[in-house]
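Read-outs throughout are calculated quantities, based only on the coordinates presented, and are distinct from any laboratory measurement. Not measured: the values here are computed from a predicted model. For neighbour counting, all protein chains shown are included, and Cβ atoms are generated from backbone atoms with ideal geometry for every residue, glycine included.
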Amino acid sequence: RQVLARFEAERQALAIMDHPNIAKVFDGGMTDSGRPYFVMELVKGVPITDYCDQQKLAPRERLELFADVCHAVQHAHQKGIIQRDIKPSNILVTVNDGVPLPKVIDFGIAKATNQQQLTDKTLFTAFEQFIGTPAYMSPEQARGEGNLADGRSDVFSLGAVFYELLVGRQPFRAGSPAELLELVTNHEPHPLRQIDATGPTELERICL
């Protein structure tokens with residue numbers, strides 16, 4: 001039942017959004033045997049971090065590309081949808097006529113932030129339920145307080161991805177998921193100026 005609820009929530013969340021940087025959903029429903037499906041735009045792309053590194057993009061080029069991602073998430077928020085799992089593998093970059101185009105995908109754990117009911121089977125996040133990807137999730141998500149997550153959680157995750165795009169590594173690194181969650185919950189990432197003072201960043205080595 002939970003899988004079906006999440007599937008239906010994803011289908012309807014995607015259906016109410018219309019933005020060039022969000023993967024489109026064309027159709028959806030249930031087969032005769034009761035298996036749910038949806039027909040979605042095929043995005044032939046790579047994670048945004050991989051694309052930027054492969055193309056050796058300069059910081060300004062990375063910023064310009066990432067701005068489109070921010071506009072896409074803003075559109076989702078205006079439609080009352082929080083993505084809640086923003087990470088490089090959910091931001092794919094495809095190339096159209098030589099122009100890179102980032103696409104935000106996977107709204108499978110999206111949450112309605114306004115009063116609209118996406119579906120009568122929508123699965124609302126319970127207190128202490130863990131949802132998201134530790135390296136990019138906001139502190140409230142890391143604490144299991146998914147019911148407190150709002151648009152600011154997505155903004156935090158966008159910052160974590162952008163940090164990686166600029167520095168060449170994730171803002172938090174740990175030896176285990178438990179250590180990572182503790183860092184996300186109780187600590188701040190190293191300031192960029194502090195990292196720069198220690199010598200060449202990973203990004204500088206990538207771009208050369």
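Overview of values
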{"quantity": "Amide proton proximity set for Val93, modelled H, under 5 Å, gap of 5+", "calculated": "Val46, Ile48, Lys103"}
{"quantity": "Sites Glu61 and Arg35 - FRET efficiency at Förster radius 45 Å, r taken between beta-carbons, to 0.05", "calculated": "0.60"}
{"quantity": "Net +/- balance of residues flanking Ser89 in space, Cβ distance below 11 Å, scoring K and R +1, D and E -1", "calculated": "-2"}
{"quantity": "Placed amide H near Ile81: partners under 5 Å, 5+ positions off or other chain", "calculated": "Thr113"}
{"quantity": "Karplus-derived 3J(HN,Hα), 6.51/-1.76/1.60, for each residue of segment 155-164, Hz, glycine and proline x", "calculated": "4, 4, 5, 4, x, 5, 5, 5, 4, 5"}
{"quantity": "For Gly28, distant residues with modelled amide H under 5 Å away", "calculated": "Val39"}
{"quantity": "Vicinal HN-Hα couplings computed from phi for segment 62-68 (Karplus, 6.51 cos²θ - 1.76 cosθ + 1.60; Hz; Gly/Pro x)", "calculated": "5, 5, 5, 5, 5, 4, 5"}
